[in-house]
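Quick notes on the structure that follows.
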Amino acid sequence: MIKASEAKSGKRGRKGQATREVLDKAILQLVNERGFMNFRLQDLCDSTGLTIGAFYFHYKNKDHALESVAAQAAGELFATIASDIEAQPLEEEFRLTIRDYQRGYSDPRLREQTRMMRSMIPANAMVTETYFAARGKIIKKLVENAAAERKSKGLRSGPERAVVEYLFSGLADFMEMLYLGNDRELKRSAGNDRKIAQRLARLWYRAVMEA
């Protein structure tokens, strides 16, 4: 259970943000424990010790709360990637992109919000738009750097966009199978998290260079 005192921590000027964080954390827990259909506002209030009024101060209704939490998760995921890949060589950009995306599934602290975010795509327009807009910016940067890398090696430009789009499109499905599925043989053969990111980055780089 999340304690109501968590919402009161910090300076007075940050009380509203602290309350919002408590609500968001509880929403993630309840949705992943009980599913969307069984998620009730009363359960949220019971688990946090907050009132219905506190909930409606931050959200219009239950649907608004769910899509806001999921959209925020999408934005944060790609913001982390954008920050980490800044001014990196292409293969390292690939590795960091894969590593950060991978953490959303492998890190227990992030898995709940990633699972919720993915479950709302493409059903929820706001979450879907946020996810693909943020994802598109990362792909654009990777494509630009891939084109520059090909040019530096005397290769023609053009195919890198299709290759990067294709590789990225399968990343989420692979991570879901690896971390959310029950395929023990896949997990065994894939290796540890560090090796997975390294191996995939090498494959991505080779695919882009050989296209």
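Observations
- Set of aspartates and glutamates near residue 151 by C-alpha distance (under 12 Å), chain-local residues within fewer than 8 positions excluded: 160
- Cβ-placed point charges (K, R +1; D, E -1), dipole of segment 64-211 about Cα centre in debye, nearest 20: 460 debye
- Per residue, the chain reaches -24000 deg cm²/dmol at 222 nm when only DSSP H runs of four or more residues are counted, each adding -39500 (n - 2.57).
- A 1.4 Å probe, protein heavy atoms only, puts the accessible area of residue 80 near 70 Å².
- Relative contact order (%) - segment 60-156, alpha-carbon pairs under 8 angstrom, separation at least six: 36 percent
- Measuring nothing but protein heavy atoms, the accessible surface of segment 40-149 at 1.4 Å probe radius is 52 percent carbon and sulfur.
- Most mobile listed residue (124, 32, 61) in the chain, GNM with C-alpha springs under 10 Å: 61
- Here the gap between residue 34 and residue 192, fully extended at 0.36 nm per residue and compared with their Cα-Cα distance, gives a gain of 53.8 nm.
- Computed from the C-beta positions of residue 156 and residue 185 and an R0 of 30 Å, the FRET efficiency is 0.15 to the nearest 0.05.
- [x] 16.7, 50; [y] 32.6, 93; [z] 19.9, 64, with the label sought being that of the calculated Rg and Dmax of the Cα atoms in Å: [z]
- Relative contact order (%) - the chain, alpha-carbon pairs under 8 angstrom, separation at least six: 20 percent
- Note on residue 87 and residue 58: with the Förster distance fixed at 45 Å, the Cβ-Cβ geometry gives a FRET efficiency of about 0.75.
- The dipole here belongs to segment 1-152: it is taken about the Cα centre, uses +1 on the Cβ of Lys and Arg and -1 on the Cβ of Asp and Glu, and is about 400 debye.
- Relative contact order, whole percent, for segment 101-211 stands at 28, derived from Cα pairs under 8 Å and 6 or more residues apart.
- The aspartates and glutamates whose alpha-carbon is closer than 14 Å to the alpha-carbon of residue 153, local same-chain residues fewer than 8 away aside, are 210.
- Rolling a 1.4 Å probe over the heavy atoms of the protein chains gives the chain an accessible area of 56 Å² per residue.
- When only the Cβ of Lys, Arg, Asp and Glu is charged (+1, +1, -1, -1), the dipole of segment 159-211 relative to its Cα centre reaches about 340 debye.
The values are calculated or read from the model by the stated rules, or taken from the named source; none is laboratory data. Remember, it's a predicted structure, so these values are computed and weren't measured experimentally. Because the Cβ atoms are built from the backbone with ideal geometry, glycine has one as well, and the counts that use them run over all protein chains shown. Calculation scope for accessible area: heavy atoms of the full protein, side chains included, ligands and nucleic acids excluded. Shrake-Rupley method; radii C 1.70, N 1.55, O 1.52, S 1.80 Å.
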